[in-house]
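J.: Here it is, the structure in full.
The values are calculated or read from the model by the stated rules, or taken from the named source; none is laboratory data. Computed from a prediction, not measured in an experiment: that's the story for all the values here. All Cβ positions, glycine included, derive from the backbone under ideal geometry; neighbour counts span all protein chains shown. Ligands, DNA and RNA are stripped out before the accessible areas are found, and what is left, the full protein with its side chains, is counted by its heavy atoms. Shrake-Rupley method; radii C 1.70, N 1.55, O 1.52, S 1.80 Å.
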Amino acid sequence: MRFNGQSAVGLGVVKVSKANTLEVAEAVKEKMAQLSRSFPEGLNYKVAFDSSEFVELAIEEVWGSLYLSIFLVILVIFLFLRDWRATLIPAVTIPVSLIGAFGLMFFLGYSINTLTLFALTLSTGLVVDDTIVVLENIVRYIEEKRMAPFPATFSAVTEVVFAVIATTVVLIAVFVPVAFAGGTTGRLFNEFALTIAGAVVFSSVVALTLAPAMSARLLRQPEGNGEAGEQGRKSLLQRYSPIRWFLDGFEWGVTRSRAIYQWSLRRLMSLKILVVLGFFLSLGLTAWTFGLLPKEFLPTEDRGAIFTIVRAPEGVSLNYTDRVMQQVEDIYSQVPVAQSYFTVAAFGRAGPGQVNQGIAFVKLKPWSERQEPSQSQQATVGQMFGKFATLTDAFVLPVNPPSLPGAGFSQPVEFVLQGDNLENLAQVSADLANRTRQLPQLVNVDTDLKLDKPELTITIDRAAAANLGVSVRDVSRTLQILLGGQNITSFNRGNRRSEVVVQAEKEFRATPENIKDFYIRTKAGTLVPLSSVVTVTPSTTPPQISHYNRARSAKITGSPAPGYTLGNALDALEKLAQEVLPSDIRTTLAGQSLEFREAGQSTLYIFGLAVAFIFLVLAAQFESYIDPLIILLAVPLSLLGAFGALLLFGLQINVFSQIGLIMLIGLVTKNSILIVEFANQLRERGLSIAKAAMEAGDVRFRPILMTAFSTIFGLVPLAFATGAGAVSRVSLGMTVLGGMLVSTFLSLYVVPVFYVIATQAQSRLIQKYGNGQSHETESLEPVEVTEKAGQRN
């Protein structure tokens, strides 16, 4: 072993499964600092590889995203409300809900890690949604109906309490299947799902208890004929006219957008067929976009390290492997972004090291010193491929540290062949490996079943040995002592103990021909050549015989080529295997490849289960099968936005983006619930179906924009993250952001139009097959809904 070219001794520390990475790393560094005080002169130590650095920096980055998300959410609320008193109410919801989520995490034994911090960052935009709905309705009653804060609060909360409870139950219904998912996906994200669910539950309680109480006390009724909230804002903003101008301009933009929306929705009500065709067109576009997206298991993060695997030919000596490792060191010493490197020849993990194998660990410079894309870990690994290709003495493979915990040093592609005949299996695996090397989707292709390890088969002529008086045991001991060596005794010299080993000198055991020079003593005491009783036959054998699921197996390994994903590589390899493999060879996947396939199937199952849960919950709450179907129309619209955002920014579908897709089910249905639930209320007040749908869209336009933009701006720090662990945050944040953005605007039209179509069809069926009661004549004229002060439904 060498560190930066100097001989060294390595000490590896691996935490137990339940231990905390950061605590273990800190304790080890403190202990090493303590032990170094008693080191002899000239001996020092360096930390050559530390996985906790990436974890610590990633957590710091997520904390920064959380703080920025809170600031952006409060800013969006203030822009819409333009009143510091009103803004204070949802702002209080954020810390109360997050503290409640921390309490749930403590009760469940969770830690503060990157996944739980992801959940808390996403929660900042969600926990204010219910409070915004309640607050906006209270403000609407105060300003439009000229009611006092207390009766306005009572009437407004009564109107939206059902919608708040419905949206909360829907979100919980989404995350329950995620929390109980099995496999790696379930283990990774059960903490994530339950943390968000806990924050949402607490936010709902706050929205129906603390928020109304604060609204009744803090909000003020506008005096005279002033504009909404103008008197409450002048005291704060009259000295800062630029800010007031900006807020007035923003309010004008929202008001103008609402007028445009009302006009366009009224026009589309008479052109329902266009909306229906557009919806089905969006479904086709969603499927087409999904087919264009590359797919992978976990995104490759820049962890500030590179693993390099070295495989020399079978049968070489340790000195041969060591010379190859020195060539690897020379190459890494010229890499500008490499901070340190250490190499180990005959590296052993679960057992003794193979003398023809080695490994190099390279620590890159800190992330702050590698700002250029060409200086990233992934780019550096790509550059190393070309440099190591010049080494002809061994197979040298630089790899990115795997994102999957416990993956070790394996490559992402692991394709397993199973058969009964070992020789046939070796031939088939070698042929498939050669063909796979021709595929552009894979690089560094290899197989673990090779009949290339040199072996000497020594056959004893028992008859000749018996005639000479030589036993089989004597032959075995002679070979063992002269070739392998044997410990005879030990002795102490001072405070050191030395072993005495009997073995032939190196020059007398360097080649198979040296065995002819060995002699063995007979029972008569004479020496005879060992070659007179043994025959040496050279042959080859596999280094090991692997089994997978109790069957003999050969594993084809490789990595996706630059520009391709794990999904592309597996699809190409599986297609090739179907074309060339004989019928008696079975195939399966292992490692990251198996996890990738199972994660995709698991996500599809969870997605369907979440939709089914939501439908049943909504059907029970609305006591209807039509309303839940209308509400769920927002889900395919969100998928279009999510896939479009991933495609636009060159991202892939992975586990993080799949969890984002599941989250979207609960997020986008909240807006639909607000429209459908209020439209039902308006119909109970006597409005026609079309008028109720248009009025519901118009009245709920502002709270929908507020909740949507608070969620979207809360996602911005994740969607455009940088630094350690940014790839995972971007995958999750961009998926949810794109889905929310597209679904919010499209569902404002699709949900009211389909509400009218479905409800009118239901009314006709009831009229025809039910009690025969006639329903109101539909009119598309705009309608004003007015109530007296204090009146409530």
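J.: What's the center-to-center distance, using Cα atoms, between the stretch 486-542 and the stretch 413-437 in Å?
T.: 38 Å
J.: Mind listing the phi-derived Karplus ³J(HN,Hα) values for the stretch 486-491, rounded to whole Hz, using 6.51, -1.76 and 1.60 with θ = phi - 60°, and x for any glycine or proline?
T.: Each residue's phi maps through the Karplus curve to give 8, 6, 9, 7, 8, 9 Hz.
J.: So for the stretch 504-641, taking the charge dipole from beta-carbon charges (+1 Lys/Arg, -1 Asp/Glu), which of V611, A504, A551 sits furthest toward the positive end?
T.: Comparing the listed Cα positions along the dipole, A504 ranks first.
J.: For Cα pairs less than 8 Å apart in space and 6+ apart in sequence, what is the mean separation divided by the residue count of the chain, i.e. the relative contact order in percent?
T.: This gives 19 percent for the chain.
J.: Any idea of the accessible area per residue across the chain, 1.4 Å probe, to the nearest Å²?
T.: That works out to 48 Å² for each residue.
J.: Would you please state which residues of the stretch 274-314 a label at L604 would reach in this model, taking the label point 7 Å out along Cα→Cβ and a backbone N cut-off of under 20 Å?
T.: 283-298
J.: Let me ask something else. Only helices at least 18 Å long along their axis, Cα-based, and averaging 0.5 or more on Kyte-Doolittle count here, so list those DSSP H runs from the chain.
T.: Within the chain the helices that satisfy the rule are 52-81, 84-108, 114-144, 149-179, 183-208, 272-292, 591-622, 634-648, 655-684, 701-719, 726-769.
J.: Rounded to the nearest 20 Debye, what is the dipole magnitude of the stretch 539-666 about its Cα centre when Lys and Arg each give +1 and Asp and Glu each give -1 at the C-beta?
T.: In total the dipole reaches around 480 debye.
J.: What lysines could a cross-link reach from K575, if we take a straight Cα to Cα line under 17 Å and drop same-chain neighbours fewer than 8 places away?
T.: Straight-distance partners of K575: K295, K555.
J.: Taking Rg/Rh (Cα atoms, Kirkwood Rh) as the quantity of interest, determine which of (1) 0.97; (2) 1.12; (3) 1.04 was computed from the displayed structure.
T.: Computing Rg/Rh (Cα atoms, Kirkwood Rh) and matching it to (1) 0.97; (2) 1.12; (3) 1.04 gives (2).
J.: Further question: Provide the packing ranking of 614-627, 499-512, 647-660, i.e. peptides ordered by the mean count of other C-beta atoms within 10 Å per residue, highest first.
T.: My ranking of the peptides, most packed first, is 647-660, 614-627, 499-512.
J.: Order 484-491, 516-523, 111-118, 355-362 from most to least packed using the mean count of other Cβ atoms within 10 Å.
T.: Sorting 484-491, 516-523, 111-118, 355-362 by mean packing, highest first, produces 355-362, 111-118, 516-523, 484-491.
J.: Right, something else. If each of R685 and L43 carries a label point 7 Å out from its Cα toward its Cβ, how far apart are those two points in nm?
T.: Placing both labels 7 Å beyond Cα along the Cβ direction yields 8.4 nm.
J.: Considering only protein heavy atoms and a 1.4 Å probe, what is the carbon-and-sulfur percentage of the accessible area of the chain?
T.: Percent of accessible area from carbon and sulfur atoms in the chain: 57.
J.: Ok, one more. For the stretch 609-626 and the stretch 34-85, compute the distance between their C-alpha centroids and round to whole Å.
T.: After rounding, the separation between the Cα centres reads 41 Å.
J.: What FRET efficiency comes out for F107 versus E56 if R0 is 25 angstrom and r is the Cβ-Cβ distance? Round to the nearest 0.05.
T.: FRET efficiency, F107 to E56: 0.45.
J.: Let me ask something else. Between the stretch 317-332 and the stretch 629-687, what is the separation of their alpha carbon centroids in Å?
T.: 56 Å
J.: Oh, and also: Might you report the magnitude of the Cβ-based charge dipole of the chain about its Cα centre, with Lys and Arg at +1 and Asp and Glu at -1, to the nearest 20 debye?
T.: In debye, rounded to 20, the chain gives about 720.
J.: Can you compute the FRET efficiency between T457 and V16 using 1/(1 + (r/R0)^6), with r the Cβ-Cβ distance and R0 = 45 Å? Round to the nearest 0.05.
T.: Efficiency, rounded to the nearest 0.05: 0.50.
J.: Moving on. Using 0.36 nm per residue of separation minus the Cα-Cα distance, give me the extension gain between V536 and W84 in nm, one decimal.
T.: 153.4 nm
J.: To continue, here is another question. List the residues, sorted by chain then number, that are 5 or more residues from L442 or on another chain and whose placed amide H is less than 5 Å from its amide H.
T.: When sequence neighbours closer than 5 places are left aside, the close amide H contacts are A561.
J.: Hey, another quick one. Within the stretch 355-373, which residues have the backbone N less than 17 Å from the label spot 7 Å out from F720 along Cα→beta-carbon, could you tell me?
T.: none
J.: Using only protein heavy atoms and a 1.4 Å probe, report how much of I712 is accessible, in Å² to the nearest 10.
T.: Approximately 20 Å² for this residue.
J.: Now a separate question. Using a Förster distance of 25 angstrom, determine the FRET efficiency expected from the C-beta separation of V502 and N467, and round it to 0.05.
T.: 0.35
J.: State the extension gain, in nm to one decimal, for the chain segment bounded by M1 and F71, taking 0.36 nm per residue of separation less the distance between their alpha-carbons.
T.: Contour length minus the Cα-Cα distance gives 20.2 nm.
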